[in-house]
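Have a look at the structure below before the remarks.
The values are calculated or read from the model by the stated rules, or taken from the named source; none is laboratory data. Remember, predicted model here, so these are calculated numbers, not experimental data. Ligands, DNA and RNA are stripped out before the accessible areas are found, and what is left, the full protein with its side chains, is counted by its heavy atoms. Shrake-Rupley method; radii C 1.70, N 1.55, O 1.52, S 1.80 Å.
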Amino acid sequence: MIFSTLEHILTHISFSVVSIVITIHFLTLFLLVDEVVGLYDSSEKGMIVTFFCITGLLVTRWIYSGHFPLSDLYESLIFLSWGFSLIHMVSYLKFKKRKNNLSAITAPSAIFTQGFATSGLLTKMHQSAILAPALQSQWLMMHVSMMVLGYAALLCGSLLSVALLVITFRKAIKIIGENNNFAFSFGKIQYMNERSNVLLNTYFLSSKNYYRYQLTQQLDRWSYRIISLGFIFLTIGILSGAVWANEAWGSYWNWDPKETWAFITWTIFAIYFHTRTNTNLEGVNSALVASMGFLIIWICYFGVNLLGIGLHSYGSFTLN
């Protein structure tokens, strides 16, 4: 009873704090009040509090359940939310002396996953249950934690790529319209790979838009670093899962829906790294691939659970 109450308290504290952090970012990004003293520091401290609250929540659930808290969809969503806050903590500790707006990505991601996990849709999963026989293995911690951390990093990096595309397309469309006096149509999207590169570079390098150019470069750099980390986690997760599958089911690979989409996800981001090796394809083109990967990850992580079929049906989604 005490552990359940503590878990409930920590859940609501972390959700409330991260909501305040998002409100602060709304004020600073949309209302242009970033000059207000203490707003940025408050958002950073809020994400730190969120990280420790979710950490306490997971540890509490681990103690009273007797197993690592990654046995169902509810626990994996909480762990995913923890992964987002962990990414923010790492960037915060590395760049303490410089302003870091990564919480504009990690905070909404954390509140979305935690909000869904604590919603009424997953009430039956809130109470910890005895592990299924196939999950009673030391590989549970290794495989599932690596996969979920991989999802968290890849989602975060993909969102940074989406932000890069939004900034680039918005300004590029404006430039094309001003210089050619025609409405932007779908057929004109080819300018991204052909004739507008020089125009975009000239625009970005102007003194008026130098900050925007720096921002896109920072987004591209951060996206690449975080996706690289996530790809490593995903690879380790798939390999450890194959070993566990061989022990549990007698085969390293069964082309289960979850396994198939995990392989598709891995392939998409392998293509992303391939585009990065070509200087003509990096930037916008690699960001397009990463944005596609964002959708693929959600299909792999959550979409397959909607079906509730296959060997990975332990984390299936069921309405109450």
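Here are the numbers for this structure:
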item: Accessible-area value, Ile167, 1.4 Å probe, nucleic acids and ligands omitted, Å²; result: 30
item: In Å², nearest 10: area of Lys45 left accessible to a 1.4 Å probe; result: 130
item: Solvent accessible area, Å² - Arg225, 1.4 Å probe, full protein context; result: 110
item: Heavy-atom accessible area per residue - the range 244-301, 1.4 Å, Å²; result: 50
